[in-house]
Amino acid sequence: MTIPVHKYDVVIVGAGGAGLRAALQVAEAGLKTAVLSKVFPTRSHTVAAQGGVAASLGNVTEDNWHWHMYDTVKGSDWLGDQDAIEFMVKKANEVVVELEHFGMPFDRLDSGKIYQRPFGGHSQNYGEKPVNRSCAAADRTGHAMLHAMYQRNVKANTQFFVEWMALDLIRDEDGDVLGVTAMEMETGEVHIFHAKATIFATGGAGRIYYSSTNAFINTGDGVGMAARAGIPLEDMEFWQFHPTGVAGAGVLITEGVRGEGGILRNASGERFMERYAPNLKDLASRDVVSRSMVTEINEGRGCGPDKDHVLLDITHLSPETIMKRLPGIREISIQFAGVDPIKAPIPVVPTCHYQMGGIPTNYKGQVIVPKGDEKSVPVGGFYAAGECACASVHGANRLGTNSLLDLLVFGKSSGETVVEDLKNNPRAHKPLPANAADVSLARIARLDNQKGGENVHEVRLAMQRTMQKHAGVFRFNDLLKAGVEEIKKVAERAKTTEINDKSKVWNTARTEALELDNLIEVAKATMISAEARKESRGAHVRDDALDTAETPAGRDDKNWLKHTLWYSEGNRLDYKPVNLQPMSADVESIALAKRTY
Amino acid sequence: MERAEYERLRWRCIRRGLLELDLKLTRFLDQEFEKLTDEEVEAFKRMADMDDLECWKLIVSDQVPSDPHEAAVLAKVRKC
Ligand SMILES: Cc1cc2nc3c(=O)[nH]c(=O)nc-3n(C[C@H](O)[C@H](O)[C@H](O)COP(=O)(O)OP(=O)(O)OC[C@H]3O[C@@H](n4cnc5c(N)ncnc54)[C@H](O)[C@@H]3O)c2cc1C
């Protein structure tokens, strides 16, 4: 069988914020650029982002990148690489102003400057008081960002392959990446995209959990593809849980609700946050609130027949305030919880929200892996940016609004690195290995020929429940140990998934089965990395990590100030040091300290 | 509706940018779609083609489209 081959200078997988920003950089430099996406670009999950994008413009309150850097390092619980963080916060103003020039309709001050609002974890003067750092376009920041960049890409002649699913990475004998295989959903045909540079911008994998704020599309395809191709995944034990997802549905209820006076209550109606965070109460940081909620539930004070959630109460606010200050919240609650929050409280649970780990990269967007004695050697021709990548700027916990910034900065820098490299080392495409598409074809043939196999939805559900139970907000040694065994069993089941529909064209069952392979890689990486990390740090909180003078809040810098690297083959773990050294002499390393807010 | 056409529509409903729409439209497909008239199917396709934010805002608004088929479909989506 001959497989159609498309030749491009650059192939980008993903058309969300990171993919579109990267595409713009390479297409405007005149490189022949293809962008693949499972959905129309402006339907990428970035569209869901409302809170805004961080930049220390200082338009409303005094601000500078030093403070932003400090907040980000502290937020990361010192697991973030300080060179990459310095790079990101220094570039923030530039990429936000560029976006404004691309036509992004930011909210403005009377002076015409971009309006900025405060957001959790961002501060003035090294934690002294809140700062206005988030730039937003009303409640449609992500939407506006995608539209502005998509239009500009069309002008720059970027070729979009919409409703194409990338399946596997193509690497040659030297380990260089030469592109991807991809399936056109309309025909079910597998094609090869042959590239001098391949950039992954496939977003997160939040659907590994049962309760997730992420849209169904977040199946971690890029992360799974990289893992199958022998690239280790970095820091996959770190997932941010948002305290208030609607119970049973996952849909996010923004922090703004508590900002406006929303109160969390347990089964007896008690405002339990008063016990856990006497000062900030319901407004304490995301991880503190999430853990307090889980403690209430675990100790039997949850609400509902299964005592499996708590209540977010805004019934004491006036209907006018709710309608005016919290638009959209009432509708979400009515639609997904069946309650009108003007009259009754909203059932909520901590819900998986953001993947801090991913494909390891440096600040230039190059994918880096250990080789011999070296821990960070670039993989030829391979780049990654956005939520699928781990630069690592978010370390053990991400600050809100820093993700959209990550997309812009590392989307752009990965593109810049590619342009530089192809300019300095002009070259022809490396020849494709003869078996370039074999792995993908074999995966599809396996699915088509499977008899008496497993149901895709059931296996996915088993994975999601396993992750939720064994590697949730709070982590326990025995549950993690059992979770490793459980997830390996689920992974075995995933090897024999079967689909009834064998049609070629528009076979969504097949597509979902192929997505499941990627979710499973991410789930294994998460569980195994989490079980191994015997400390608490940022979003990874173990009940057996004790709060001592040496290990404040359970964080053990002596033994665990290091990045995890998980390899799919043999579930092997490796570690590499955190880069505490900033990129330049403009700033000193932000010294380790206890993370308190 | 032909299988391929339905499956394409299905993909465009179960892989949206907003989780809100994934949930609503998947439920609608599973519970209501089979019972639609041809005109309502066309009306639903137009709705599924909308941008995520516009589509969601329409669903949670109290707007009633002037086209009766669109109005009927919207009422059913709202109930799912
Ligand atoms: C509800 C919600 C609100 C948020 N709000 C904010 C906020 O206010 N500020 C902030 O900074 N962050 C926010 N975040 C986080 C932020 O939105 C995401 O981290 C970010 O949008 C991810 O962008 P991305 O470009 O990496 O990926 P995405 O936008 O998810 O795009 C991924 C792209 O990859 C494509 N793709 C995936 N797999 C394949 C494949 N196999 N083949 C082809 N294409 C593929 C998809 O089609 C898509 O185009 C929020 C997250 C959620 C869930």
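Do you know which of the residues in the stretch A:162-216 that are open to solvent by 30 Å² or more (accessible area, probe 1.4 Å) and near the ligand (Cβ under 10 Å from one of its atoms) is nearest to the other protein chains (Cβ to nearest Cβ)?
Ranking the candidates gives A:VAL162 first.
Any idea which of (1) open to solvent by 10 Å² or more (accessible area, probe 1.4 Å); (2) within 30 Å of A:LEU561 (Cβ to Cβ); (3) touching a residue at least 40 places away in the same chain (Cβ under 8 Å); (4) within 24 Å of the chain's Cα centre (by Cα) is the one A:LYS469 doesn't satisfy?
It fails just one condition, (3).
When the residues of the stretch A:1-19 are filtered to those that are away from the ligand (no atom under 14 Å from the Cβ) and hydrophobic (A, V, I, L, M, F, W, C), which remaining residue is most open to solvent (accessible area, probe 1.4 Å)?
A:MET1
How about the stretch B:1-33: which of its residues are in a loop (DSSP other than H, G, I, E, B) and of a type in the set (Lys, Arg)?
Answer for the stretch B:1-33, where residues must be in a loop (DSSP other than H, G, I, E, B) and of a type in the set (Lys, Arg): B:ARG15, B:ARG16.
Would you confirm whether any residue within the stretch A:213-229 is assigned to a helix (DSSP H, G or I), at pLDDT below 95 and in contact with a strand residue (DSSP E or B) (Cβ under 7 Å, 6 or more places away or on another chain)?
So far as the stretch A:213-229 goes, no, none of its residues is assigned to a helix (DSSP H, G or I), at pLDDT below 95 and in contact with a strand residue (DSSP E or B) (Cβ under 7 Å, 6 or more places away or on another chain).
From the residues in the stretch A:41-67 that are away from every other protein chain (no Cβ under 14 Å) and charged (D, E, K, R), which one is nearest to A:PHE161 (Cα to Cα)?
Checking each candidate, the answer is A:ASP63.
Report yes if some residue within the stretch A:20-40 is within 15 Å of the ligand (Cβ to nearest atom), within 14 Å of chain B (Cβ to nearest Cβ) and among the small types (Gly, Ala, Ser); otherwise report no.
The answer is yes, given that some residue of the stretch A:20-40 is within 15 Å of the ligand (Cβ to nearest atom), within 14 Å of chain B (Cβ to nearest Cβ) and among the small types (Gly, Ala, Ser).
Exactly one condition in (1) on the phi < 0 side of the Ramachandran plot; (2) within 14 Å of chain B (Cβ to nearest Cβ); (3) touching a residue at least 24 places away in the same chain (Cβ under 8 Å) is not met by A:GLY250; state its number.
(1)
Give me the residue from the stretch A:516-568 that is in contact with a helix residue (DSSP H, G or I) (Cβ under 9 Å, 6 or more places away or on another chain) and among the hydroxyl-bearing types (Ser, Thr, Tyr) and, out of that set, surrounded by the most Cβ atoms within 10 Å (Cβ to Cβ).
By that ranking, first place goes to A:THR526.
Out of (1) open to solvent by 20 Å² or more (accessible area, probe 1.4 Å); (2) within 14 Å of chain A (Cβ to nearest Cβ); (3) at pLDDT 95 or above, what's the single condition that is false for B:LYS35?
Of (1) open to solvent by 20 Å² or more (accessible area, probe 1.4 Å); (2) within 14 Å of chain A (Cβ to nearest Cβ); (3) at pLDDT 95 or above, only one is false for B:LYS35: (2).
Taking the conditions exactly as written (in contact with a His (Cβ under 7 Å, 6 or more places away or on another chain), more than 29 Å from B:LEU19 (Cβ to Cβ) and of a type in the set (A, V, I, L, M)), does A:VAL10 satisfy them or not?
On the way: in contact with a His (Cβ under 7 Å, 6 or more places away or on another chain): no; more than 29 Å from B:LEU19 (Cβ to Cβ): yes; of a type in the set (A, V, I, L, M): yes.
No, not satisfied.
Quick one: is A:ARG152 within 16 Å of the ligand (Cβ to nearest atom), open to solvent by less than 60 Å² (accessible area, probe 1.4 Å) and either within 14 Å of another protein chain (Cβ to nearest Cβ) or on the phi < 0 side of the Ramachandran plot (or both)? So that I can check it myself, show each step before the final result.
Numbers: within 16 Å of the ligand (Cβ to nearest atom): yes; open to solvent by less than 60 Å² (accessible area, probe 1.4 Å): no; either within 14 Å of another protein chain (Cβ to nearest Cβ) or on the phi < 0 side of the Ramachandran plot (or both): yes.
No.
Restricting attention to the stretch A:500-517, and to residues there that are part of a helix (DSSP H, G or I) and among the acidic types (Asp, Glu), which single residue is farthest from B:ALA4 (Cα to Cα)?
Here is the first cut: in the stretch A:500-517, the residues part of a helix (DSSP H, G or I) are A:508-517.
Checking which are among the acidic types (Asp, Glu) leaves us with A:512, A:515, A:517.
Numbers: A:GLU512: 16, A:GLU515: 20, A:ASP517: 24 Å.
The selected residue is A:ASP517.
Determine if the stretch B:38-53 includes at least one residue that is touching a residue at least 12 places away in the same chain (Cβ under 8 Å), farther than 26 Å from A:MET323 by Cβ and at the interface with another protein chain (Cβ under 10 Å from one of its Cβ atoms).
The answer is yes, given that some residue of the stretch B:38-53 is touching a residue at least 12 places away in the same chain (Cβ under 8 Å), farther than 26 Å from A:MET323 by Cβ and at the interface with another protein chain (Cβ under 10 Å from one of its Cβ atoms).
Would you check if A:THR33 is open to solvent by less than 30 Å² (accessible area, probe 1.4 Å) and touching a Leu at 6+ places or on another chain (Cβ under 8 Å)? Even if it seems obvious, please write down each step before you answer.
Numbers: open to solvent by less than 30 Å² (accessible area, probe 1.4 Å): yes; touching a Leu at 6+ places or on another chain (Cβ under 8 Å): no.
Considered against the rule, which asks whether it is open to solvent by less than 30 Å² (accessible area, probe 1.4 Å) and touching a Leu at 6+ places or on another chain (Cβ under 8 Å), A:THR33 comes out as no.
Filter the strands (runs of 3 or more DSSP E) completely within the stretch A:332-424 down to those with at least 3 residues that are at pLDDT below 95, within 16 Å of the ligand (Cβ to nearest atom) and within 14 Å of another protein chain (Cβ to nearest Cβ). Give the steps one after another, and end with the answer.
On the way: elements: A:346-355, A:366-371, A:374-384.
No strands (runs of 3 or more DSSP E) qualify here.
Can you pull out the residues in the stretch A:262-275 that are farther than 17 Å from A:ARG291 by Cα and surrounded by fewer than 16 Cβ atoms within 10 Å (Cβ to Cβ)?
A:SER268, A:GLY269, listed by residue number.
Do you know which residues across the stretch B:3-32 are more than 9 Å from chain A (Cβ to nearest Cβ), open to solvent by less than 10 Å² (accessible area, probe 1.4 Å) and in contact (Cβ under 8 Å) with a residue 40 or more places away in the chain?
B:LEU25, B:PHE28
Condition first: away from chain B (no Cβ under 14 Å), touching a residue at least 12 places away in the same chain (Cβ under 8 Å) and near the ligand (Cβ under 9 Å from one of its atoms). Can you find one or more residues in the stretch A:68-90 that meet it?
no
Of the residues in the stretch A:83-136, how many are small (Gly, Ala, Ser) and touching an Asp or Glu at 6+ places or on another chain (Cβ under 8 Å)?
5
Got at least one residue in the stretch A:374-383 being in contact with a strand residue (DSSP E or B) (Cβ under 7 Å, 6 or more places away or on another chain), among the basic types (Lys, Arg) and crowded, with 24+ Cβ neighbours inside 10 Å?
no
Table: residues versus (1) in contact with a strand residue (DSSP E or B) (Cβ under 8 Å, 6 or more places away or on another chain); (2) surrounded by 24 or more Cβ atoms within 10 Å (Cβ to Cβ).
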| position | (1), (2) |
| --- | --- |
| A:SER37 | yes, yes |
| A:PRO41 | yes, yes |
| A:LEU57 | yes, no |
| A:GLU62 | yes, no |
| A:TRP65 | no, no |
| A:THR72 | no, yes |
| A:SER76 | no, yes |
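Inside the stretch B:42-80, can you point out the residues that are open to solvent by 60 Å² or more (accessible area, probe 1.4 Å), part of a loop (DSSP other than H, G, I, E, B) and within 20 Å of A:ARG43 (Cα to Cα)?
Answer for the stretch B:42-80, where residues must be open to solvent by 60 Å² or more (accessible area, probe 1.4 Å), part of a loop (DSSP other than H, G, I, E, B) and within 20 Å of A:ARG43 (Cα to Cα): just B:ASP49.
Any idea which residue in the stretch A:425-440 is surrounded by the most Cβ atoms within 10 Å (Cβ to Cβ), counting only those that are hydrophobic (A, V, I, L, M, F, W, C) and within 16 Å of the ligand (Cβ to nearest atom)?
A:ALA437
A:HIS242 versus (1) open to solvent by less than 10 Å² (accessible area, probe 1.4 Å); (2) away from chain B (no Cβ under 14 Å): which is the lone unmet condition?
Looking at each condition in turn, A:HIS242 falls short on (2).
Residue check: is A:ALA525 at pLDDT 95 or above, under 26 Å from A:GLY121 (Cα atoms) and in a helix (DSSP H, G or I)?
no
Examine the stretch A:494-505 for a residue that is within 30 Å of A:LEU546 (Cβ to Cβ) and more than 14 Å from chain B (Cβ to nearest Cβ), and state whether such a residue exists.
So far as the stretch A:494-505 goes, no, none of its residues is within 30 Å of A:LEU546 (Cβ to Cβ) and more than 14 Å from chain B (Cβ to nearest Cβ).
The values are calculated or read from the model by the stated rules, or taken from the named source; none is laboratory data. Because the structure is a prediction, the values reported are computed rather than measured. Neighbour counts are summed over all protein chains in view; Cβ atoms, including those assigned to glycine, are modelled from backbone coordinates with ideal geometry. To get the accessible areas, we keep the full protein, side chains included, count just its heavy atoms, and leave off ligands, DNA and RNA. Shrake-Rupley method; radii C 1.70, N 1.55, O 1.52, S 1.80 Å.
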